[in-house]
Each structure stands twice: as C-alpha cells, then as structure tokens.
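The values are calculated or read from the model by the stated rules, or taken from the named source; none is laboratory data. From a predicted model like this one, the values you see are computed outputs, not experimental measurements. Note that we place each Cβ from the backbone using ideal geometry, even for glycine, and neighbour counts take in every protein chain shown. Heads up: the accessible areas ignore ligands, DNA and RNA and are worked out on the full protein's heavy atoms, side chains in. Shrake-Rupley method; radii C 1.70, N 1.55, O 1.52, S 1.80 Å.
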Amino acid sequence: MNVHIFRIMVTSLIDPFNRRIEYLRVSVTDRCELRCTYCIPKGFTGFEEPAHWLSFDEMERVVRVFTELGVRRVRLTGGEPLARRGLPELAARLAQLPGLDDLSLSTNGTRLRKLAQSLRRAGITRLNVSLDSLDPARYAEITGGGRLDQVLDGLAAAKKAGFAPVKINMVAMKGVNDREISDMVDFCIRHDFTLRLIETMPMGATGREAAEHYLDLQEVRRELQSRYELIPTVMTGGGPARYVQVGGTGLRIGFITPISQHFCATCNRVRLTVDGTIYTCLGQENNLELRPLLRSGASDEELREAVCRAIALKPERHEFTTQPHKIIRFMSATGG
Ligand code: SAM
C-alpha cells in the first residue's frame, strides 16, 4: 500500500475482529521481589537481561507512537513496576504525552510508602494494589515471604497522597484465601477501597498449578448476593471487570472472570513487555518485536506501521479453557 495513503487511513487501531485498541499495558520490568504462588516460580532466574530492557526514552517513544494511533489509556505494570529505578520519572514523561487521558499503575504495594507522593505528582491517576490476604502468615505464604505490614503502610500512603479510588486486586483461590473474601469486603468498606476479585489463569507452570485452586467467581457472586444487595454499576478504567455496588455502602466490587465468563469480544488492549515485544493477547503467543526496529534507527512511520501489523495479529480470544498448556510464559513476563 502506498505509504501516504496508509498514513491517512491509520488514525485508530482496529483489529481483525473490529475491536478498537485504545489501552496499552507497559511492563517496565519482569522482576519482582515477591514469588506469588500463581506467578513467578520459586528459584526462577531467567529474567530478561538488562541490555534488552527498553530505556525510558525507548518506552516513551513507543507509547507516543501508540497514542498517535489512538491509544488513550496506559497502565504501568510488571513484574513489579516500582522495582524499576526512577519509575516516577517515566510516569511524568508519559503523563505529558498528547492524547493520553489516563495513566495508571499496578503494584504489589511494598514500595508505595516511599513512592506514593511522587507517583501522584508525576501524573499517575489511578492505582491498583495486589493484596490476596489480610493474614500476615497467609500473605507471606502466598507471596513467598512478602510482608503484609509493608503493603498496609503503602495503602495508607496512597490514600494520603490523594489516590481515589484505590483498587485492591485479590486473586481468589479455593482453599487458600476464599474464606477471607468477606474480611476483604469489610476491609475495603472500612478504608474506602474498591475490591476486584480475579480468577486464576493457567499462565506458565505456576498458573497451571494454581488452577487446582481455581474458584469460579460466579459462585462467589451468588454467595455475596445472599448477604448483600449487589447493584450492577460501572467504573472508569477500561479494563474487563464487571462491577457491582454493595447496597448501603460505598463499596464497589469488580469481578474479573477470564475463565468463567471471558470478555474477549470487548478486549481493547495489548501489552508491551520490558524487552519491547508487543503481545496482543494474554492467552496466545501472537507477538511482534519492536526492539530490533527501535535499535536499528527505524523512523516513527516504520514504528507506526509495525504497531498496526501487530494489531492485525490480535487473535479472537484466549484458549485458557480449551488449551490450558499453551502459554508457558507466566504473568509477570508479559505484564499483568
Ligand atoms: N507487581 C504488580 C502487582 O502485584 O500488581 C503488577 C504485576 S502482577 C503480574 C499483576 C496482577 O496479575 C496481579 O494482581 C497478580 O495477582 C495477577 N496475576 C499474576 N499471575 C496470575 C495468574 N496466573 N492468574 C491470575 N492473576 C494473576
């Protein structure tokens, strides 16, 4: 196709299934100090080499290219994004990009006490914090030695810094933390947090092992419904959660149900890994490597064309239920 015509035509990213891609998740590192049972395997050492990490200049350039093509929302994730040194600086640079309406962050919360203020100042608008248990021993067990008090301090710092709402991400697991869901509901009501419950996904060996604790969130919803009035509602975010408001309280609960009720038909996102690879689906291998282009002097036009080629590779849906062994990379490698 004539490049000039191509440039005029491509003002938004539409995939082969007519889904508009307007949300990019950027993994700024695949490393994390925690070893959650369903995520990074214990003793794992195969992290991406620093020489392959995109620099902040490269990340900013790629995100700019995406925003020029219509992406409006970016979430910084990982691995643990706050483990990447200087992250608030990257956030501040991205927050300035024309066309970017929403810059959010997912974190395990352990460094928030120190960083919440600077993240807020940098222009992060929304914050998700992973927290699977309120019991210090169970939290340590699930996370491979994590300290609950650090996360609770981090949450307090996030509130103080003015993040509202703060969303708590809880991976709900049968026989592990399912009995804590009502404690988590109370905790979130008390602290004015939003609760998001997530089904385990069979990503990598760890994700598949966790599948033995898989909990169908439709059951959890029915159980909660017997105790509370749940009123369907919506929340800003651009993600796949289906929300309810808990009657008589300010609490909203989001259900993220990739297994029991997948949301692929409305998927609006792709992911960029720390080594500059675009993954177009969590549950498929379809990807395109941008790093070779970035490091061989490609023009912005060439990058835009590559991004469009990647979007054309986006598959219709994941196959977590029909082919659970397909994805060998674990969540932290892609960016959750
Ligand atoms: N470190 C950050 C955090 O803790 O939120 C961001 C990265 S983490 C990989 C993003 C989210 O993915 C977390 O909420 C984590 O619980 C979730 N996650 C990781 N592996 C998962 C799996 N196999 N199934 C479901 N959720 C998973």
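General remarks:
- Antiparallel bridge percentage (DSSP; both residues within segment 21-334; nearest 5): 30
- Each of V220, N18, I253 was placed along the dipole of the chain (beta-carbon charges, centred on the mean Cα), and the one lying farthest toward the positive end is I253.
- Computed from backbone phi with θ = phi - 60° and the Karplus coefficients 6.51, -1.76 and 1.60, the 3J(HN,Hα) list for segment 111-126 is 10, 5, 4, 7, 10, 4, 4, 6, 5, 5, 4, 5, x, 5, 9, 9 Hz; x is used for glycine and proline.
- The magnitude of the dipole of the chain, with charges of +1 and -1 set on the Cβ of Lys/Arg and Asp/Glu and taken from the Cα centre, is near 620 debye.
- Remark: segment 21-334 carries 41 Å² of accessible area per residue (probe radius 1.4 Å; ligands, DNA and RNA excluded).
- Helical runs (DSSP H, four residues minimum) scored at -39500 (n - 2.57) apiece and divided by the length of the chain put the mean residue ellipticity at 222 nm at -9500 deg cm²/dmol.
- Summarising the amide proton neighbourhood of M173: residues at separation of 5 or more, or on other chains, whose placed amide H is nearer than 5 Å comprise D178.
- Its relative contact order, with pairs defined as Cα atoms under 8 Å and 6+ residues apart, puts the chain at 22 percent.
- A 1.4 Å probe over all protein chains sorts H318, H52 by accessible area into H52, H318, starting with the largest.
- Taking Cβ separations below 4.7 Å as the criterion for a possible disulfide partner, the isolated cysteines in the chain are C32, C188, C264, C267, C281, C308.
- Averaging over all projection directions, the Cα-based convex hull of the chain occupies 16.4 nm² in the image plane.
- For peptides 106-112, 326-332, 41-47, sequence by mean Cβ density within 10 Å, most packed first: 106-112, 326-332, 41-47
- Using Cβ point charges alone (K and R +1, D and E -1), the dipole size of segment 151-305 about the Cα centre works out to roughly 440 debye.
- In order along segment 180-195, the Karplus-derived 3J(HN,Hα) couplings, from 6.51 cos²θ - 1.76 cosθ + 1.60 at θ = phi - 60°, round to 9, 4, 5, 5, 5, 4, 4, 4, 6, 5, 4, 9, 6, 9, 9, 9 Hz, and Gly and Pro are given as x.
- Think of segment 1-157 as having a plus end and a minus end, set by charges on the Cβ of Lys, Arg, Asp and Glu; of L34, L134, G46, L134 sits farthest toward the positive end of this dipole.
- T321 - accessible surface, heavy atoms, 1.4 Å probe, Å² rounded to 10: 80
- With DNA, RNA and ligands ignored, accessible area of Y243 (1.4 Å probe; Å², nearest 10): 20
- Karplus-derived 3J(HN,Hα), 6.51/-1.76/1.60, for each residue of segment 133-139, Hz, glycine and proline x: 7, 9, 9, x, 5, 5, 4
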